[in-house]
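Enquirer: One structure is given below, represented as structure tokens, and several questions about it will come after.
The values are calculated or read from the model by the stated rules, or taken from the named source; none is laboratory data. Quick caveat, the model's predicted, so the values are computed rather than measured. Note that each Cβ is placed from the backbone with ideal geometry, even for glycine, and that neighbours are counted across all protein chains shown. Protein only, heavy atoms only, side chains kept; ligands, DNA and RNA dropped before computing areas. Shrake-Rupley method; radii C 1.70, N 1.55, O 1.52, S 1.80 Å.
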Amino acid sequence: MNLLEVNHLTIEFLSDGCWYPTVTDVSFHLKEGELLALVGESGCGKSVSCMALCRLLPEPPARISEGEILLRKREGGICDILKLSPGELRKIRGGEIAYVFQEPSMSLNPVFRVGSQIAEAVELHCPDVEDPRREAVELLRQVGIPDPESRAKQYPHELSGGMQQRVMIAMALASRPSILVADEPTTALDVTIQAQILDLLDNLRRTRKMSVILVTHNLGIVSELADRVAVMYAGRMMETAPVRELLDHPCHPYTKALIAAVPVLGGEHRRLSTIPGAVPPPSEFTEGCRFADRCALLKNLDREKQRLCREKKPEMTEMLPGHYCACPYGRRGDVRT
């Protein structure tokens, strides 16, 4: 059963008096207890899509011009987040959907002790808890912080980056959310700490039976943790499938190019594959396939098909049950050949 459904979401930003679509007609869903990875280059609309789930984007300069975001609430019933009042939204933010952002040092308040910040989240969303400060210490213990009683009395600047990120996770868990959005949670952390944070998120997901949306560009992380993958490019959904199906048999030329660019340890020594060009800015988005100018497959098509690629919007087509691709000429590949 789907816990969250995003249908035909379009998000625009105002610049120089014009509205430009940053995310266009994006649809995806999240099942109970599932980890969905949103993958793509920087500037593809992953973070913007996730921030729209709780309407965290300031309006203006942003606006959600089309679509619906359906959430199955814990107390029962389904609501469209885009139609909620400000009071109803406050219950969803943190209560039903919690966030862990890229830079914990920017999210934590530097003038309050970390225990107090977590306790505030407990008081706001869990009024049944008798001692919020004791609960904050217990949450710090659950996220693997040693000597949590002492750490709770420290300020954010007294903690390392990895510790700060664990505090952010503890704060997100304070409200007992059903969905956790982790937006590049290991950015700027060293490799060892990255692995620890990702293992922590995976363990918490399983023990708390949470659903997780993980925003990342690291396909290595995806292969280890995700249940399903959704690939975005230039504000559109390119492909979505179960993780092993997508990584072993990608269909879209963009997905294939991303996988080909991943370095392989112990493999044949060769020059790393790259994708020429860059993601176009929203002011240059076209109605046709936005990957056309960088697509290796396009060069092998006849002129009429090339014209259709550039002018006609590609629709998501089901290649296999649960495997969708937005390329009329995409075929299931095999990365092992």
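Enquirer: Being touching an Asp or Glu at 6+ places or on another chain (Cβ under 7 Å) and either assigned to a loop (DSSP other than H, G, I, E, B) or closer than 23 Å to P250 by Cα (or both) is the filter here, so list the residues in the stretch 206-227 that pass it.
Expert: Answer for the stretch 206-227, where residues must be touching an Asp or Glu at 6+ places or on another chain (Cβ under 7 Å) and either assigned to a loop (DSSP other than H, G, I, E, B) or closer than 23 Å to P250 by Cα (or both): V215, T216, H217, L225, D227.
Enquirer: Looking at P146, is it buried (at least 21 other Cβ atoms within 10 Å of the Cβ), of a type outside the set (S, T, N, Q) and not in a helix (DSSP H, G or I)?
Expert: Working: buried (at least 21 other Cβ atoms within 10 Å of the Cβ): no; of a type outside the set (S, T, N, Q): yes; not in a helix (DSSP H, G or I): yes.
In short, no.
Enquirer: All but one of (1) under 30 Å from R208 (Cα atoms); (2) modelled with pLDDT of 95 or more hold for I11; state the number of the condition that does not hold.
Expert: Of everything listed in (1) under 30 Å from R208 (Cα atoms); (2) modelled with pLDDT of 95 or more, I11 misses just condition (1).
Enquirer: Further question: Any idea how many residues of the stretch 191-216 are touching a Leu at 6+ places or on another chain (Cβ under 8 Å) and under 16 Å from L3 (Cα atoms)? Spell out the reasoning first.
Expert: If we filter the stretch 191-216 for residues that are touching a Leu at 6+ places or on another chain (Cβ under 8 Å), which is where we start, we get 197-198, 201-202, 204-205, 208, 210-216.
Still in the list and also under 16 Å from L3 (Cα atoms): 205, 208, 210-214.
Summing the residues that are touching a Leu at 6+ places or on another chain (Cβ under 8 Å) and under 16 Å from L3 (Cα atoms) in the stretch 191-216 gives 7.
Enquirer: Please go through the stretch 177-205 and pick out each residue that is surrounded by fewer than 17 Cβ atoms within 10 Å (Cβ to Cβ), in contact (Cβ under 8 Å) with a residue 60 or more places away in the chain and either in a helix (DSSP H, G or I) or charged (D, E, K, R) (or both).
Expert: D202
Enquirer: Hand me the list of strands (runs of 3 or more DSSP E) wholly inside the stretch 231-333 holding 2 or more residues that are in contact (Cβ under 8 Å) with a residue 40 or more places away in the chain, under 24 Å from V215 (Cβ atoms) and not hydroxyl-bearing (S, T, Y).
Expert: Numbers: elements: 236-242, 317-320, 323-325.
The qualifying strands (runs of 3 or more DSSP E) are 236-242, 323-325.
Enquirer: Being over 17 Å from the mean Cα position of the chain (by Cα) and buried (at least 18 other Cβ atoms within 10 Å of the Cβ) is the requirement here; does L214 meet it?
Expert: No; evaluated as a whole, the condition is false for this residue.
Enquirer: Evaluate the following for R271: is it open to solvent by 70 Å² or more (accessible area, probe 1.4 Å), more than 16 Å from Y233 (Cα to Cα) and at pLDDT below 90?
Expert: yes
Enquirer: Mind listing just one residue for me: the one in the stretch 124-137 that is at pLDDT 90 or above and farther than 19 Å from Q164 by Cβ and, of those, least open to solvent (accessible area, probe 1.4 Å)?
Expert: Ranking the qualifying residues of the stretch 124-137, first place goes to P132.
Enquirer: Return the pairs, sorted by first residue and then second, in which the second residue is open to solvent by 70 Å² or more (accessible area, probe 1.4 Å) and in a helix (DSSP H, G or I), the first residue lies in the stretch 120-139 and is at negative phi and of a type in the set (A, V, I, L, M, F, W, C), the beta carbons are less than 7 Å apart, and the residues are 6+ apart or on different chains.
Expert: V137/E149
Enquirer: Could you list all residues from the stretch 111-123 that are in contact with a Lys or Arg (Cβ under 8 Å, 6 or more places away or on another chain) and not in a helix (DSSP H, G or I)?
Expert: Across the stretch 111-123, the qualifying residue is only R113.
Enquirer: While we're looking at this one, here's another question. Going through the stretch 224-256 one residue at a time, which ones are open to solvent by 10 Å² or more (accessible area, probe 1.4 Å), farther than 18 Å from R332 by Cβ and not hydrophobic (A, V, I, L, M, F, W, C)?
Expert: E224, D227, R236
Enquirer: Do we have any residue at all in the stretch 300-313 that's closer than 24 Å to T10 by Cβ, touching a Lys or Arg at 6+ places or on another chain (Cβ under 9 Å) and modelled with pLDDT of 90 or more?
Expert: Yes, because at least one residue in the stretch 300-313 is closer than 24 Å to T10 by Cβ, touching a Lys or Arg at 6+ places or on another chain (Cβ under 9 Å) and modelled with pLDDT of 90 or more.
Enquirer: Where the second residue is open to solvent by 40 Å² or more (accessible area, probe 1.4 Å) and outside any loop (DSSP other than H, G, I, E, B) and the first is closer than 17 Å to S175 by Cα and in contact (Cβ under 8 Å) with a residue 60 or more places away in the chain and lies in the stretch 66-90, which pairs have Cβ atoms under 6 Å and are six or more apart or on separate chains?
Expert: R72/I78
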